[in-house]
Amino acid sequence: MPRLSAAIRHRIGFKLNGKPVSVEAEPRLLATDALRHGLGATGTHVGCEHGVCGACTILIDGAPARACLTLAVQLEGREVTTVEGLAPAPDRLSVLQAAFRRHHALQCGFCTAGILISLEAFLREQPKPSEQELREVVGGHLCRCTGYTPIIAAALEAAALLRRQPQVLAAESIDV
Ligand code: FES
Ligand code: FES
């Protein structure tokens, strides 16, 4: 790994939601700040800033990661997905997002981006999840509003829909 000077900013390039982007960052800059302030991707929320609440969860090369525990320079050359990358078009929701909407699985929405990202990744790995498995995934996120029950119901419904329509998995959507 190259040594970076702490005294200067470095230009970092990576793919954000499928598009090449670049941003200038000091070595100590967090990925959350690079995404939100450097690139305007404010869908990634910042809660605790120490890896507990899950609000900042993003996908790095398809794996969920806490952006508040990731340095911006660690994104160099990676594929990053944020909540802005889940919907297939501005007027359409992903299968999981639409299920959240139907089940009222969000209230203030502060936690929602991170939960959607974690569930999206999990449903790709486990298309037939048990309720307990989903509880464990969502257990990595703090939500003060919903009581979690509608989130689990939405995830179960989304999983069932995706199993029935495997051709729409992840990249496609259903009408909202
Ligand atoms: S802001 Fe990153 S886990 Fe809370
Ligand atoms: S919807 Fe408000 S914190 Fe989860």
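The values are calculated or read from the model by the stated rules, or taken from the named source; none is laboratory data. Not measured: the values here are computed from a predicted model. So basically every Cβ, Gly included, is an ideal-geometry build from the backbone, and we count neighbours across all protein chains shown.
Could you tell me whether any residue of region 120-136 is within 12 Å of ligand 2 (Cβ to nearest atom), under 17 Å from the mean Cα position of the chain (by Cα) and crowded, with 19+ Cβ neighbours inside 10 Å? It would help to see each step written out before you state the result.
First, the residues of region 120-136 that are within 12 Å of ligand 2 (Cβ to nearest atom): none.
The answer is no; no qualifying residue exists.
Yes or no: A87 assigned to a helix (DSSP H, G or I) and away from ligand 1 (no atom under 16 Å from the Cβ)? No: the conditions fail for A87. When R66, R78 are checked against the criterion of being closer than 17 Å to I115 by Cβ and among the charged types (D, E, K, R), a single residue qualifies: R66. Scanning region 90-128 for residues that are outside any helix (DSSP H, G or I) and either closer than 12 Å to A153 by Cα or hydrophobic (A, V, I, L, M, F, W, C) (or both) gives L93, H104, A105, L106, C108, F110, C111. If you go through region 45-68 and pick out every residue that is in contact with an Asp or Glu (Cβ under 9 Å, 6 or more places away or on another chain), free of Cβ contacts under 8 Å to residues at least 24 places away in the same chain and more than 16 Å from ligand 2 (Cβ to nearest atom), you end up with 2.
Does Q167 count as modelled with pLDDT under 95 and out of contact with any strand residue (DSSP E or B) (no Cβ under 8 Å at 6 or more places or on another chain)? Yes. Here S94 passes the criteria (1) away from ligand 1 (no atom under 16 Å from the Cβ); (2) polar (S, T, N, Q); (3) at negative phi; (4) surrounded by fewer than 21 Cβ atoms within 10 Å (Cβ to Cβ) except the one numbered (4).
Among the residues of region 24-38, how many are part of a loop (DSSP other than H, G, I, E, B) and surrounded by 19 or more Cβ atoms within 10 Å (Cβ to Cβ)?
Residues of region 24-38 part of a loop (DSSP other than H, G, I, E, B): 26-29.
Right, trim to surrounded by 19 or more Cβ atoms within 10 Å (Cβ to Cβ) and you get 29.
Qualifying residue count, region 24-38: 1.
Here G43 meets the list (1) in contact with a strand residue (DSSP E or B) (Cβ under 9 Å, 6 or more places away or on another chain); (2) small (G, A, S); (3) under 11 Å from T82 (Cβ atoms) almost entirely, failing just condition (1).
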